[in-house]
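First up is the structure itself, then whatever we jot down about it.
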Amino acid sequence: MSELTITAIRLGLLVLLWAFIFSIVGVLRGDIYGSRVVTRSRDGRSTRTEAPKRPPRAVRKGPTHLAVVDGSMRGITVPLAESGVLIGRNPECTLVLSDDFASGRHARVYRDGDGWFVDDLGSTNGTFVGNQRVGEHLPLTEGAHIRIGRTVLEVRK
Amino acid sequence: MSTVSTVTPRTRRGTELVLLIFAIAIVLVAYANVGIAIKNRLPADIVPMGVGFTVLVLAFHLVLRWRAPYADPVLLPIATLLNGLGLVMIHRLDLANGDTLGQGAAVRQLMWSALSIVVAAVLLIVIKDHRRLRRYTFTFALGGLVLLLLPLLPFIGRSVLGSRIWIGIGGFSFQPSEISKILVVIFFASYLVQTRDALSLVGRRILGFPLPRARDMGPIMIAWLASLAVLVFESDLGTSLLFFGIFVAMLYVATERRSWIAIGLILFLAGSYIAYLLFAHFQERVTLWINPFHPGMSDQIALGLMGMANGGLFGTGLGQGHPELTYFANSDFIIPSFGEELGLVGLTAIILLYVLLVERGLRAGLAARDGFGKLLATGLGFSIALQVFVVIGGVTRVIPLTGLTTPFMSAGGSSLLANWVIIALLLRVSDQARQPTIEQSGPTLGTDDTQVVKTR
């Protein structure tokens, strides 16, 4: 075949190679436009806490926070919201525990009248305040320790 | 650590199919070009070759649709194109050496390509989740070390041109360090996920430079000694550099501490200098690096350089240059062969294909949700990058020439097999990374059984 054909094929090959590269780059544009970056917290788990609403003045006299003082999530605090705090391993809980010894819906801390109370929600391993096993409607004082599985929560002001 | 994900997860398998057909078309054009330039007619077997190649790659594509629907869409087309171009160049060099298709290196390479693609597809089917590889952390470490040192054994080890990196059983020879590389990357990824906190947080500062504890230095010292053993006993600088480089890079990625890079570079330079003083073989390489036209020594680098100079900007065209004049033109020196026949423009395109391949590997690492997947994909991507750098750097006199294979292109079955396995693993990690999250978390989180406290 003629010199011209060979030249055409040879240059055509280079053009095709570059066309291939540009089509790949076109596919990859999606990486730059339309991605999102999620920065995870230090333990690699995104802990969602409700936006801390300012509790009404009357409530702020009593305890306002639950702090995790022992267990793998030590250091996390959860505000005691008017609607109560549901604790367990289920993602729907207010405080999601990463504790194999906690139940899905383990316990509930809620407000009744002037004080705060804790209910055990039929958990497998029980909820303890001090040495006492929690049944229903156990009053909480400031500084009380609630033990759930390997996690210990403290009621704080 | 942060995770980058695409907002709307799409499988993009259709895009992959289009790119794949494009890649095959380019390979066939290149094949036709060789036939027309050398024999002045279209190669007679272009149809069966094209159909065979297409069927093989499309089968892999279907496996992806079946087993890894969210896998990265550009990895397979790039690998196919590089492999195909390598095949065409090896075939073209066979023709120049007077071999027909039946007796040359190309047909062996073609069989190895087919085998490698099948192995990669089987791997994708068998490994449904890359995290399962973590169960065999230390098995992989042992396997990697054994494979690395296998060529030193008396009966099966083979010494080829001063480097003892081959094993031969019967008439069949294999380069085990290629497979060993993958096993070692899996081991490093798994090991570093466990220990990175100790490596990155504990330690003291010396002269304002954070140094890890002596006991945490243990593994890096072992890796250094192993790579030095390869350098000393197998006389293979390339493999040694590759292993050590992968380890240092993965340590850096895992711990985010620059001190590892400094320590690694100092150790490597010290090791190289000692090797330079001890081995004549190595001194010759350095002399040829500084002065490739040194009289009385190998003119391989010089021939490669002159070949690339002959190619110029646009190349002589496939089948019209004389790359066969260089020794090992179809394996170690396949890059100068391409440089001569496709020119700077074509060679840049090939290097860019490697860049995109590596970018996709690192990107899979960036998007992976688990630490092991991140490190695995980063390590594999970096290993390709380092290998390409060492090879192309060697033939273009950036660093002393070392015998490493060009991924996907060089003639050689073990290298091809290893690279397709890397592609399979990267596809698996990227599939996990790009899957929509809802399927993974949501209902499964927190629904497993609560552990019961035994009171007795």
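Using alpha-carbon pairs under 8 Å, 6+ residues apart, how would you state the relative contact order of chain B in percent? Could you put the intermediate results ahead of the total?
Values: 650 pairs, mean separation 101.8, N = 456.
After rounding, I find 22 percent.
The calculated FRET efficiency for A:W18 paired with B:L278, based on their beta-carbon distance and R0 = 51 Å, is about 0.65.
How would B:H294, B:H61 line up from fewest to most surrounding beta-carbon atoms within 10 angstrom?
With the fewest neighbours first, B:H294, B:H61 line up as B:H294, B:H61.
Could you grab the relative contact order for the stretch A:65-156? Cα pairs under 8 Å, six or more apart, rounded to a whole percent.
Relative contact order here is 28 percent.
Of all complete DSSP H helices in chain B, those with a Cα span along the helix axis of 24 Å or greater and a mean Kyte-Doolittle hydropathy of -1.0 or more are B:13-39, B:46-67, B:75-96, B:105-126, B:177-201, B:214-233, B:237-255, B:259-278, B:334-367, B:371-395, B:413-434. Under 5 Å from the amide H of A:A144 lie the amide H atoms of A:V155, each residue being 5 or more positions distant or on a separate chain, with H modelled from the backbone and absent for Pro and chain starts.
Principal axis extents of the C-alpha atoms in chain B (largest first, rounded to whole Å): 86, 55, 43.
Normalising the average separation of contacting C-alpha pairs (under 8 angstrom, six or more residues apart) by the number of residues puts the relative contact order of the stretch B:41-171 at 17 percent.
Given R₀ = 51 Å, what would the calculated FRET efficiency be for B:M297 paired with B:L142, taking r from the Cβ atoms and rounding to 0.05? Could the numbers behind the result be given before it?
Details: r = 40 Å, r/R0 = 0.79.
According to the calculation, E is roughly 0.80.
Starting from the Cα of B:R131, move 7 Å in the Cα-to-Cβ direction to define the label point; list residues of the stretch A:96-133 whose amide nitrogen is under 17 Å from there. Flagged as within label range: A:98-100. Between the listed residues B:T396, B:Q320, A:L95, the Cα displaced farthest toward the positive end of the dipole of the protein assembly as shown, a dipole computed from Cβ unit charges relative to the Cα centre, is found at A:L95. With neighbours defined as other Cβ atoms within 10 Å of a residue's Cβ, the residues A:H137, A:H106, A:H65 order from fewest to most as A:H137, A:H65, A:H106.
Seen from B:L150, the other residues with C-beta closer than 14 Å to its C-beta sum to a net charge of 0, counting Lys and Arg as +1 and Asp and Glu as -1. A simple spin-label model places the labels of B:D99 and B:L313 3.6 nm from each other, with each point 7 Å out along Cα-to-Cβ. Relative protection proxy for B:26-39, B:233-246, from highest mean packing down: B:233-246, B:26-39 (other beta-carbon atoms within 10 angstrom). Each residue, B:V122 and B:I266, gets one label point 7 Å from its Cα in the Cβ direction; the gap between the two is 4.7 nm. Only lysine pairs 8 or more places apart, or on different chains, with alpha-carbon atoms under 28 angstrom apart are counted in the protein assembly as shown, and they number 6.
With a ≥ b ≥ c the root eigenvalues of the C-alpha gyration tensor of the protein assembly as shown, is it rounded (a/c under 1.5), prolate (a/b larger than b/c) or oblate?
Verdict is prolate for the protein assembly as shown.
Entry note, the protein assembly as shown: the mean residue ellipticity at 222 nm calculated from DSSP H runs of n ≥ 4, each adding -39500 (n - 2.57), is -18500 deg cm²/dmol after division by the residues and rounding to the nearest 500.
If Lys and Arg each add +1 and Asp and Glu each add -1, what is the summed charge of the other residues whose beta carbon sits under 9 Å from the beta carbon of B:G311?
Residues near B:G311 contribute -2 overall.
Computed from the C-beta positions of B:A214 and B:V286 and an R0 of 30 Å, the FRET efficiency is 0.35 to the nearest 0.05.
Laboratory data are not the source of any read-out in this text; all were calculated from the coordinates shown. Bear in mind the structure is a predicted one, so any value in this text is a computation, not a measurement. Neighbour counts run over all protein chains shown; Cβ positions are idealised from the backbone, glycine included.
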